[in-house]
Structure formats: structure tokens, C-alpha cells
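Below is one structure; the comments refer to it alone.
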Amino acid sequence: MCFAITIIIIKHLVDYHTEGLGRKRKYKYFANAIKKENICKTDANTFWNILQTMNQNLILNWIRVIFGTTVLNCILYCRAFSLNMESPVSSTVFVTNKMCPFAQKAWIALEASGTSYQMKEISLYGHNGKPDWFLSLNSAGTVPVVSYSDGLILPDSELILDHFAYGEISSGRTENPLSIRYRDDMINKRVVKWRNDVLQKVIPIGKAAVLEGDTQTLFELLKCLDGSVTGCYLACDIPTVADCAVFPFLWRIDKEFGPLTQETHSCGNIRKWLDLCLDTPVFQKTVHQSWWWWW
Ligand SMILES: N[C@@H](CCC(=O)N[C@@H](CS)C(=O)NCC(=O)O)C(=O)O
């Protein structure tokens, strides 16, 4: 009951604050409001916080909304924005396999950018693998692939991250929370460095640690990377594509050789960052019990 009322109130607040905006932007605002209030864990406190943060006298309007909004309307909103931007009707398609770290990079970016998308998970190996429609999207046969309704196809995790960070704003695509085109040059440099470090160092050195037992080199690298954490996230205090690029790899290394901590591996900053990500729905939902390495 509390959940339903909260949804109605948030919907009403959104209507109030987004008067004059198009449906699409209104929906985005609504989804953000739900995420922000962490409706999943709605309790009396959250409910009162919502009430207290409203500075308009909306009581009469609430009554109108509560009685005037049908339960069906409420259910439709709940379904459309059930804390998940993955939507069965979106024309943006994300082809993936949830065990793949490269696909996980793209998945985090889709979620963190607030993109509405339709996920298609395919199996890659064995006799069930690689449907024809997928090979026609990406003849290399690798996931992830993101395809847009205007024909833009991004068949590689790095291209997908580039797109969210620097991509052209056209064909209905808008500035998103991961866009760093207009952000501080220093942040941009850090993002580029993290992305290069993961491709050129973490991936080969991590592989050697797992396959050849060379953990010493890996731990030296991690200690060095720990000093590059700048802010709550890797490059600043909000998630950037650096976090999308690095998380799947360091998370796997932490699983295999961790817990990575200040005491054990001089990785206190990486530890805090991993824990923060694991507490953040955008990252959390991409983490699964079964996973692959990257070779
Ligand atoms: N460079 C690609 C690599 C992607 C990749 O290797 N994906 C693996 C799964 S983790 C794959 O699709 N393998 C299927 C195959 O090679 O046939 C990227 O970053 O997107």
C-alpha cells in the first residue's frame, strides 16, 4: 500500500515538475525519481522523507491524484519503470551474454547512461550458438553489440563506451550522464588512462596471473592502480566510462585473488570503489554468479 501511494505521489510530483515537457523526458524524469527514492526499499522513513522534501502545498492535489488515478494507471507506471531501463519495446537492442566481461562493460554503460534498451541474450558456443540474425549484425560473432533503429551498429565494447562518452548527439540520442565531451579536461585524461590501463595492463597481466600463476606482477600492478583512484569513482565523484571499462575485470580479479584490501594488497582505494559499485544498482544488476574470464 505504502509502495503504491509513494508511486502515485512521485508520479504527481513529476507531473508537477515536468509540466510542458514531452512524454519521453517526463518518463525519464519519473524513472530517475523512482531510482533516487530507492522505491524497492520503500519504508515509512522514505515515505516521510518524500513528504518532507516537497515544498509545495499539494495536499488537495494528492487527494485528487490518489482518487483520480486509477490502479491500472499506477500499475502501468510501475511496469514501465520497474527500476530497470531494459524495456521490451525499445528499438535500441543490446545483444549480450551475461557471463562476458566485455558485454558487462557495455551493460553498465547502457544502465549508467539511462538508455532505454531491449536486451537479447544469446549463447555463443555449442550447437545452440550464434543465430544468423546476430551474425548479420556482427560478422565477427562477438558480443556485445548495440544497434539503434537508425541503423547505427556498435559491435565492440570499446566502441560502445566511446559512443556514450563522446558520441554524436543526433537521431534522438541526447546528452547522457556518461557524456564527458564537455567535462573537465583532467577528468577526460584520467578516463582515457584508466581505459588504456585496463586494456594494456589489467587484461594481459590478469590473464598471466590466472593461467601461469604470476600473481606477483598482478599485485604490483593493482598497488600502482590504487594510487590512480581519484574520487569516489575512478576518475571523479560520479561514474564515467572508466568505471564501466574497469569494473568487470577488477571484480573478477577480486573474486579470484581477493578480497583486495589495503592490508593484504595495498588496494584500499580499489576496495572502497568495488564496494561502492556493488552498492550501486547500475553495477550491481550486471553481477552474476556464473561468469567468464576474458580469453
Ligand atoms: N573486442 C571485443 C571482444 C568481445 C569478446 O571477446 N567477446 C567474447 C565473449 S566474452 C565473444 O563474443 N566470444 C565469441 C567468439 O569469439 O566466438 C569487445 O571488446 O567487445
### Message
Using amide H atoms built in the peptide plane, which far-off residues or other-chain residues are under 5 Å from Lys120 H to H?
### Response
Phe94, Val95, Thr96
### Cβ crowding within 10 Å averaged over residues, with 102-112, 247-257, 215-225 ranked highest first
102-112, 247-257, 215-225
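Quick one: Kirkwood hydrodynamic radius for segment 185-284, alpha-carbon pairs, angstrom, one decimal?
About 13.4 Å for segment 185-284.
Bear in mind these aren't lab numbers, they're just calculated from the coordinates by the rules spelled out. Only a predicted model underlies this, so the values are computations on that prediction, with no experimental measurement involved. Using ideal geometry, Cβ is built from the backbone for each residue, glycine included, and neighbour counts are taken over all protein chains shown.
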